[in-house]
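See structure below.
Rule-based calculations on the coordinates, nothing more; no lab input. Bear in mind the structure is a predicted one, so any value in this text is a computation, not a measurement. Note: ideal-geometry Cβ built from the backbone for every residue, glycine included; neighbour counts use all protein chains shown.
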Amino acid sequence: MDLQGGLHCLEYYELAGFYDLLTQTYTDYQEQVDFVQQALSYYQWRPGRVLDLACGTGAHSLLLTKAGYQVVGVDLSGQMLRRARQKAAALGLAIPLHQADLRELPYDRSFSAALCLNFSLTYMLTNEDLRRALRSTWKALQPGGLFLFDLAYQFSPEPWQEMAWEEGRNIRVSSVESIDWASQVILRRSSYWVGEGEGMHEYQGLDRRRLTLSQDMLYHLEAEGFQVRGQHRRWVLKQEPDNFSALIVAQKPNS
Ligand SMILES: C[S@@+](CC[C@H](N)C(=O)[O-])C[C@H]1O[C@@H](n2cnc3c(N)ncnc32)[C@H](O)[C@@H]1O
């Protein structure tokens, strides 16, 4: 299935099996889930089902389910969902995981919280797509439901490399980004070298994200009927956002 107009982030598509290997080098999912739990409690969440939007390979869904939450995960990529299902099965967890587009979620007042973490909302490249995603999230939430998501205020003009390995598998990624300021779209070109067993493969990937700043995002949230409850430094409830990113908490009003 196409991710946004035919351009694919290979990690969500052909290389979904390597996504966890790569992200575990820089993402502490337990820290993120601890934050989510603290934030839900701080904003007086009414217990109910939690929707993990753009759940990827299910890291948040799995940890929250283990902690006793009822979670449903959705993602556009069948490959990412396949990995999520394998991981859930290996842990003996039954988690509903559905293939769906953020812009067309098939839910109506079904959840008391929605998450969209690790900058996944930035895949909404235009105002129209962003508004559709906000509208369908709003519809999926019950009155009073909370929406937690993060935004990145950065792009990296300098090329960079990432690498990760485990027994029999390794991946090296070399990336460079450019931005088109008119559309606010960041284009990341990556070369992937992937080794599995004896084989070694090279892939070229393109990824597009939108650089959306807080003032604009708050405007769109409010225009779609959300109340903005707070902005935080990522994973630190008691601190303001820094200059690189923010974690925003919005709420569907009670009536
Ligand atoms: C950076 S990954 C984050 C995955 C997961 N939330 C995590 O933190 O590991 C972004 C995810 O967004 C998904 N995605 C991109 N566009 C989407 C869309 N329009 N609808 C649903 N999921 C989408 C990708 O398939 C990918 O799994």
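Couple of notes before you dig in:
- In this label model, Asp34 and Ser156 are separated by 2.5 nm, measuring between points 7 Å along each Cα→Cβ vector.
- Sites matching GluC sites (Glu not before Pro) across the range 154-222 that sit in DSSP coil, with at most 10 neighbouring C-beta atoms within 10 Å: Glu167, Glu198
- Fewest-first ranking of Leu91, Leu134, Leu211, using other Cβ atoms within 10 Å as the exposure measure: Leu91, Leu211, Leu134
- When the charge dipole of the range 160-209 is built from unit charges on Cβ atoms (+1 for Lys and Arg, -1 for Asp and Glu) and taken about the Cα centre, the candidate among Ile186, Val176, Gly197 whose Cα reaches farthest toward its positive end is Ile186.
- Counting all C-alpha pairs of the range 154-255, share separated by more than 19 Å (%): 62
- Each Lys and Arg Cβ is given +1 and each Asp and Glu Cβ -1; about its Cα centre, the range 60-125 then shows a dipole of about 280 debye.
- Chymotrypsin sites (Phe, Trp or Tyr not before Pro) restricted to the range 1-98 and DSSP loop, no more than 10 other C-beta within 10 Å: Tyr26
- Extension gain for the segment Asn254 to Arg109, taken as residue separation times 0.36 nm less the Cα-Cα distance, is 51.0 nm to one decimal.
- Cα-based shape type of the range 17-134, given that a ≥ b ≥ c are square roots of the gyration tensor eigenvalues and the cut on a/c is 1.5: rounded
- Helix-derived mean residue ellipticity, 222 nm - over the chain, DSSP H n ≥ 4, -39500 (n - 2.57), to 500: -8000 deg cm²/dmol
- Two-decimal ratio, the range 58-213, of alpha-carbon radius of gyration to 2.2 N^0.38 Å: 1.19
- The overall shape of the range 160-209 is prolate: from the C-alpha gyration tensor, with semi-axes ordered a ≥ b ≥ c, the ratio a/c is 1.5 or greater and a/b exceeds b/c.
- Folded to 0 to 90 degrees: helix 29-42 orientation relative to the chain principal axis, Cα: 10
- Note on Lys139: aspartates and glutamates with a C-alpha under 12 Å away, same-chain residues under 8 apart excluded, are Glu104, Asp108, Glu224.
- Note on Lys87: lysines with a C-alpha under 21 Å away, same-chain residues under 8 apart excluded, are Lys66.
- Distance-filtered residues of the range 12-56 - backbone nitrogen under 15 Å, label point 7 angstrom along Arg85 Cα→Cβ: 17, 56
- Cα gyration tensor shape of the range 44-94, rounded if a/c is under 1.5, else prolate or oblate by comparing a/b with b/c: oblate
- For the range 164-180, 3J(HN,Hα) per residue [Karplus equation, 6.51 cos²θ - 1.76 cosθ + 1.60, θ = phi - 60°, Hz, x = Gly/Pro]: 7, 8, 8, 3, x, 9, 8, 9, 10, 10, 10, 10, 9, 10, 9, 10, 9
- Cβ-defined net charge surrounding Leu91, 12 Å radius [Lys, Arg +1; Asp, Glu -1]: +3
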